[in-house]
Amino acid sequence: MANHNVIATKSFAFAVRIVKLYQFLCQSKQEFVLSKQILRCGTAVGAMIREAEHAESKQDFIHKMAIAQKEINESIYWLELLQATELITKEQFQSINTDATEIIKIITSIIKSAKTNTQPLPLTVV
């Protein structure tokens, strides 16, 4: 594997977990409002990272990564709300929140690095 894009891989795996959580909430809990919110933002993270891979400029790259950062932060909010309202267990929350927290830390690091790097960025995040 020549180019292994860690954040793209992690955000895709997170999106898969979010889709499965959405299915669980709809089928087992008959919850359709909060589940749609977490589905929207939880899957948007990886989509924005994919867009950033083909950004038109360094500023466009930073902008798309910042949107991904906002989406993962919103995902964490909905996960906290789902746990607080007992729609997911503490264990379920901790498992998926660990992934979300790792993703937001990586994205934040990428954004900081991109802002301070004076070199043009390769548009594939490694």
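The values are calculated or read from the model by the stated rules, or taken from the named source; none is laboratory data. Just so we're clear, the structure is a prediction, and the values are computed from it rather than from any experiment. With ideal geometry, Cβ positions are generated from the backbone for all residues, glycine too; neighbour counts draw on all protein chains shown.
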Among the numbered criteria (1) within 30 Å of Asn117 (Cα to Cα); (2) assigned to a helix (DSSP H, G or I), which one does Gln94 miss? (1)
Might you let me know whether the stretch 74-95 holds any residue that is within 16 Å of Asn5 (Cα to Cα), in contact (Cβ under 8 Å) with a residue 12 or more places away in the chain, surrounded by 11 or more Cβ atoms within 10 Å (Cβ to Cβ) and under 17 Å from the mean Cα position of the chain (by Cα)? no
Residue in the stretch 32-52 that is nearest to Asn117 (Cα to Cα), counting only those that are surrounded by fewer than 16 Cβ atoms within 10 Å (Cβ to Cβ) and of a type in the set (D, E, K, R): Arg50
Candidates Lys64, Lys58, filtered to the one that is of a type in the set (Lys, Arg), at pLDDT below 95 and within 18 Å of Ala114 (Cβ to Cβ): Lys58
Being surrounded by fewer than 16 Cβ atoms within 10 Å (Cβ to Cβ) and touching a helix residue (DSSP H, G or I) at 6+ places or on another chain (Cβ under 8 Å) is the filter here, so list the residues in the stretch 4-16 that pass it. Val6, Ala13
